[in-house]
Amino acid sequence: HRHALGRVLERHVALVAKASAGCGTLAAAMDYTAKEDALWLARAIAAVPGLLESLPVVRHGQTAALKVLQHLSEPELVAARGRLLAAAGSYGSNRYGREVLEYLSGGNACCPSGGYANSMGL
C-alpha cells in the first residue's frame, strides 16, 4: 500500500502541494514510503517548475522541501539547492522559510542545522 500511495502522490504532486496539509502529507510520505519511492517523490517535486521554491513559505512546506533535499542524489541535490538559494530572498520574512534559509546557510548538504526540521530527524 505504501508503494501505491507514493505513486499516487508522485502523479499529483503539484495539486497536493497547494495545501498546507498536502505539504505535510508529502513530507510524511517521504518518511514512510520505501527509499526508492521517496526518491521518486522528491524528484517529482523537484521536476515541477517553481514548486520546490514555493514550499518553504507554506506551513509544512519547509519540511517537505528539506525532505526533498534529503532524498535527492548529488547532482539533483546541487541543482535543487541552487534553485532554493535563488529564491531565498522571500524566505526571510516567513518563519517556515527561515528554517530552510538556516539549513541552506549552514552549507551542510545532508543534515539541516537545527530548528523544527532538525527535531524531526532531518
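The values are calculated or read from the model by the stated rules, or taken from the named source; none is laboratory data. Keep in mind the model is a prediction, meaning the values are calculated, not measured. Neighbour counts run over all protein chains shown; Cβ positions are idealised from the backbone, glycine included. We work out accessible area using only protein heavy atoms, side chains counted, and drop any ligands, DNA or RNA first. Shrake-Rupley method; radii C 1.70, N 1.55, O 1.52, S 1.80 Å.
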Helix-only [θ]222 nm of the chain, DSSP H runs n ≥ 4, -39500 (n - 2.57) each, per residue, nearest 500: -19500 deg cm²/dmol
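Net charge within 10 Å of Thr33 by Cβ-Cβ distance, Lys/Arg positive one each and Asp/Glu negative one each, not counting Thr33 itself?
Details: positive: Arg2, Arg7, Lys35; negative: Glu10, Asp31, Glu36, Asp37.
Local net charge: -1.
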Using Cα atoms only, what is the angle between the long axis of helix 20-32 and the major principal axis of the chain, expressed in degrees (0 to 90) to the nearest 10? 70 degrees
By how many degrees, between 0 and 90 and to the nearest 10, does the Cα long axis of helix 35-47 differ from the longest principal axis of the chain? 60 degrees
Multiply the residue separation of Ala21 and Ser105 by 0.36 nm, subtract the distance between their alpha-carbon atoms, and state the gained length in nm to one decimal. 27.6 nm
Where does the Debye-calculated log10 I(q)/I(0) of the chain sit at q = 0.23 Å⁻¹, using only Cα point scatterers of equal weight, no solvent? -1.43
With all protein chains present, the chain has a carbon and sulfur share of its accessible area (1.4 Å probe) in percent of 59 percent
HN-Hα couplings for the stretch 51-57 via Karplus (6.51, -1.76, 1.60; θ = phi - 60°), in whole Hz with x for Gly/Pro, come out as 5, 4, 5, 7, 4, x, 9
Can you tell me the 0 to 90 degree angle between the C-alpha axis of helix 95-105 and the longest principal axis of the chain, rounded to 10? 80 degrees
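Can you tally the net charge around Ala80? Count Lys and Arg as +1, Asp and Glu as -1, for every other residue whose Cβ sits under 15 Å from the Cβ of Ala80.
Values: positive: Arg43, Lys67, Arg81, Arg83; negative: Glu53, Glu74, Glu76.
That works out to +1.
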For the chain, with every protein chain kept in place, what is the accessible area per residue (1.4 Å probe, Å²)? 50 Å²
Tensor-based shape of the stretch 26-94 (alpha-carbon gyration tensor, a/c under 1.5 rounded, otherwise prolate or oblate): oblate
